[in-house]
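Remarks on the structure that follows.
The values are calculated or read from the model by the stated rules, or taken from the named source; none is laboratory data. Everything numeric in this text was worked out from a predicted model, so none of it was measured. As a convention, Cβ positions derive from the backbone with ideal geometry for all residues, glycine included, and neighbour counts pool all protein chains shown.
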Amino acid sequence: RYRSIIDLESHLYRNGTRIIKFFLHLSEEEQRKRFLQRMDEPEKNWKFSLADIKERKYWKEYMQAYEACLSATSTETAPWYVVPADDKKNARLIISHVIVETLKSLNMSYPTITKARQKELQSIRKRLAK
């Protein structure tokens with residue numbers, strides 16, 4: 001399964017797609033607090049699922065599975081960024097920074113046009129300006 005993920009991401013990279021993967025790491029204690037908040041605040045009740053509580057007993061196993069997955073699928077061309085997510089604002093800031101830096105590294109620019117096209121545009125502009 002991991003090989004398939006790496007193969008797909010490599011294919012996408014070779015075809016010009018940049019992949020950034022974020023793992024929002026929430027501590028067990030913060031998860032507990034958020035579950036309580038979801039139950040205490042009526043507008044957040046919809047977020048709460050009994051399945052989440054049932055799965056909490058497997059916390060260590062989930063962490064091991066996440067670690068194995070991230071280790072196996074993080075590559076130079078499709079890295080994982082493990083973001084501490086207990087503080088939502090800080091997590092968003094970190095993610096924004098990674099995205100901005102990745103976009104900067106692409107050295108994007110507007111396409112250039114030929115002199116003939118520039119001349120054509122000037123002619124069209126003159127006609128429209130009348």
TODO: Find the residue count for the stretch 65-108, including only residues that are in contact with a helix residue (DSSP H, G or I) (Cβ under 7 Å, 6 or more places away or on another chain) and free of Cβ contacts under 8 Å to residues at least 24 places away in the same chain.
DONE: 0
TODO: List the helices (runs of 4 or more DSSP H) that sit entirely inside the stretch 18-130 and contain at least 3 residues that are under 24 Å from the mean Cα position of the chain (by Cα) and at pLDDT 95 or above.
DONE: 28-40, 59-73, 88-105
TODO: Would you check which residues across the stretch 94-114 are farther than 16 Å from F23 by Cβ and aliphatic (A, V, I, L, M) and list them?
DONE: V100, L103, L106, M108, I113
- [ ] Those residues that are of a type in the set (S, T, N, Q) and surrounded by 13 or more Cβ atoms within 10 Å (Cβ to Cβ), I need them from the stretch 33-89; list them, please.
- [x] T73, S74, T75, T77
TODO: Could you grab the pairs with beta carbons closer than 6 Å, sequence gap of 6+ or different chains, first residue in the stretch 1-28 and touching a residue at least 40 places away in the same chain (Cβ under 8 Å) and within 12 Å of T75 (Cβ to Cβ), second one among the β-branched types (V, I, T) and not in a helix (DSSP H, G or I)?
DONE: E9/I19; Y13/T77
TODO: Given the conditions (1) without any contact (Cβ under 8 Å) to a residue 40 or more places away in the chain; (2) in contact with a helix residue (DSSP H, G or I) (Cβ under 9 Å, 6 or more places away or on another chain), report the number of the one that E43 does not fulfil.
DONE: (2)
